[in-house]
1. I need the full set of residues from the stretch 74-102 which are of a type in the set (V, I, T), touching a residue at least 12 places away in the same chain (Cβ under 8 Å) and either out of contact with any Ser or Thr (no Cβ under 8 Å at 6 or more places or on another chain) or in a helix (DSSP H, G or I) (or both), in order please.
2. Taking the options L131, L141, L146, L212, name whichever one is surrounded by 15 or more Cβ atoms within 10 Å (Cβ to Cβ), farther than 15 Å from Q72 by Cα and in contact with a Cys (Cβ under 8 Å, 6 or more places away or on another chain).
3. Exactly one of these conditions fails for E83: (1) within 16 Å of ligand 1 (Cβ to nearest atom); (2) in contact with a helix residue (DSSP H, G or I) (Cβ under 6 Å, 6 or more places away or on another chain); (3) charged (D, E, K, R). Give me its number.
4. Among what's in the stretch 113-149 and is among the charged types (D, E, K, R) and in a helix (DSSP H, G or I), pick the residue that is farthest from ligand 1 (Cβ to nearest atom).
5. Yes or no: L79 surrounded by fewer than 24 Cβ atoms within 10 Å (Cβ to Cβ) and touching a strand residue (DSSP E or B) at 6+ places or on another chain (Cβ under 9 Å)?
6. Identify the residue in the stretch 188-201 that is part of a helix (DSSP H, G or I) and surrounded by 15 or more Cβ atoms within 10 Å (Cβ to Cβ) and, among all such residues, is nearest to ligand 3 (Cβ to nearest atom).
7. Suppose we filter the stretch 77-93 for residues that are within 17 Å of L131 (Cβ to Cβ) and under 13 Å from the mean Cα position of the chain (by Cα); how many remain?
8. Somewhere in the stretch 42-49, is a residue surrounded by fewer than 24 Cβ atoms within 10 Å (Cβ to Cβ), on the phi > 0 side of the Ramachandran plot and away from ligand 3 (no atom under 15 Å from the Cβ)?
Amino acid sequence: MTNVDLHSHSRVSDGTLSPAELAARAKANGVGLWAMTDHDEVGGIAEAREAAAALDLPFVPGVEISITWSGQTVHIVGLRIDETNRALVDGLAAMRGGREQRAREVAERLASIGVPDAYEGALKYVGNPDLISRTHFARYLMEIGLCETLQEVFSNYLGEGKPGYVPHRWATLQQSVDWIRGAGGIAVIAHPGRYKFSELQFDALFREFKTLGGSAIEVITGSHAVDQYDTYAKIAAKYGFLASRGSDFHGPGESRVDLGALPPLPTSVTPVWHDWNLAY
Ligand code: AMP
Ligand code: MN
Ligand code: MN
Ligand code: MN
């Protein structure tokens, strides 16, 4: 059975490895079908594709789009996208525009609770000036000894409602699905188990996603607790979604789950890659 990993991040968003280093690690870990899915950015795909080809590693161009739905941030993964599609490229560029101002505000809030110069601190970790994210602030807060783990930083400083949190309006669900499908891709709800929705809200999200043309949800992901695998396998069956599997790897020593190091999908679900021609 092919070891499939359809969710990972490079330095082009908030990962720590270059796209080529990520490809090499996927290969070394035995991944046989790999997607790179940087946040709101497709600028690393050409390098990833080239590196994967040199390693004989089947590669899937992807993206993870930040959206706001019912007041919360949700992530929609796009797989098998044409990363040169104009509407996708322009839509993502427009969305990234808000990150700079947001980062300045995060830094102001951190300064007000006694953490100065966080903007400059976060910048040291940024690989793509267009994509400063909370992860970069989190790495800086760890560097200065405020917290030991990323999880701790988000729980105490950068997560929703915490002192360094700045609410932000991302794309809409409809935009994300339209951009992905318009670029020939498949839309997947990332790590559904992470969102704090009521049962009614989840039902509305899954229905709306389906109506808009969404195809799949992540069932096995590094962002799910083990007991959530079964929960979301059942949800996939209930709503007729295909199922995806991805580590959500961001970097060695940082991510809980390494590339390719996840259990297989439950046999009850249909893999999102079931009808793909794997001879890329
Ligand atoms: P942003 O897109 O700037 O809001 O940053 C979101 C990123 O922060 C996510 O993609 C994760 O990489 C990271 N993140 C969010 N919550 C947590 C958490 N609790 N622990 C570790 N990383 C997190
Ligand atoms: Mn991330
Ligand atoms: Mn995500
Ligand atoms: Mn991710």
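1. The initial filter retains those residues of the stretch 74-102 that are of a type in the set (V, I, T), namely 74, 76-77, 81, 84, 89.
Within this subset, residues satisfying the condition of being touching a residue at least 12 places away in the same chain (Cβ under 8 Å) are 74, 76-77, 81, 89.
Those that are of a type in the set (V, I, T), touching a residue at least 12 places away in the same chain (Cβ under 8 Å) and either out of contact with any Ser or Thr (no Cβ under 8 Å at 6 or more places or on another chain) or in a helix (DSSP H, G or I) (or both): I81, V89.
2. Working: L131 fails: in contact with a Cys (Cβ under 8 Å, 6 or more places away or on another chain); L146 fails: in contact with a Cys (Cβ under 8 Å, 6 or more places away or on another chain); L212 fails: in contact with a Cys (Cβ under 8 Å, 6 or more places away or on another chain).
Unique residue meeting the criteria: L141.
3. (1)
4. Of the stretch 113-149, the ones among the charged types (D, E, K, R) are 117, 120, 124, 130, 134, 139, 143, 148.
This time we only want the ones that are in a helix (DSSP H, G or I), so: 120, 134, 139, 143.
On the way: E120: 17, R134: 4, R139: 10, E143: 15 Å.
Out of the qualifying residues, it is E120.
5. Values: surrounded by fewer than 24 Cβ atoms within 10 Å (Cβ to Cβ): no; touching a strand residue (DSSP E or B) at 6+ places or on another chain (Cβ under 9 Å): yes.
Spelling it out, it is not the case that L79 is surrounded by fewer than 24 Cβ atoms within 10 Å (Cβ to Cβ) and touching a strand residue (DSSP E or B) at 6+ places or on another chain (Cβ under 9 Å).
6. Step one: list which residues in the stretch 188-201 are part of a helix (DSSP H, G or I), which gives 192-194, 199-201.
Of the ones still in play, those that are also surrounded by 15 or more Cβ atoms within 10 Å (Cβ to Cβ) are 192-194, 201.
Values: P192: 11, G193: 11, R194: 7, Q201: 18 Å.
By that ranking, first place goes to R194.
7. 2
8. No, there is no match, as no residue in the stretch 42-49 is surrounded by fewer than 24 Cβ atoms within 10 Å (Cβ to Cβ), on the phi > 0 side of the Ramachandran plot and away from ligand 3 (no atom under 15 Å from the Cβ).
Only the coordinates and a few stated rules stand behind these numbers; no lab work does. This is a predicted model, so every value here is computed, not measured. Ideal geometry is used to build each Cβ from the backbone, glycine not excepted, and the neighbour counts take in all protein chains shown.
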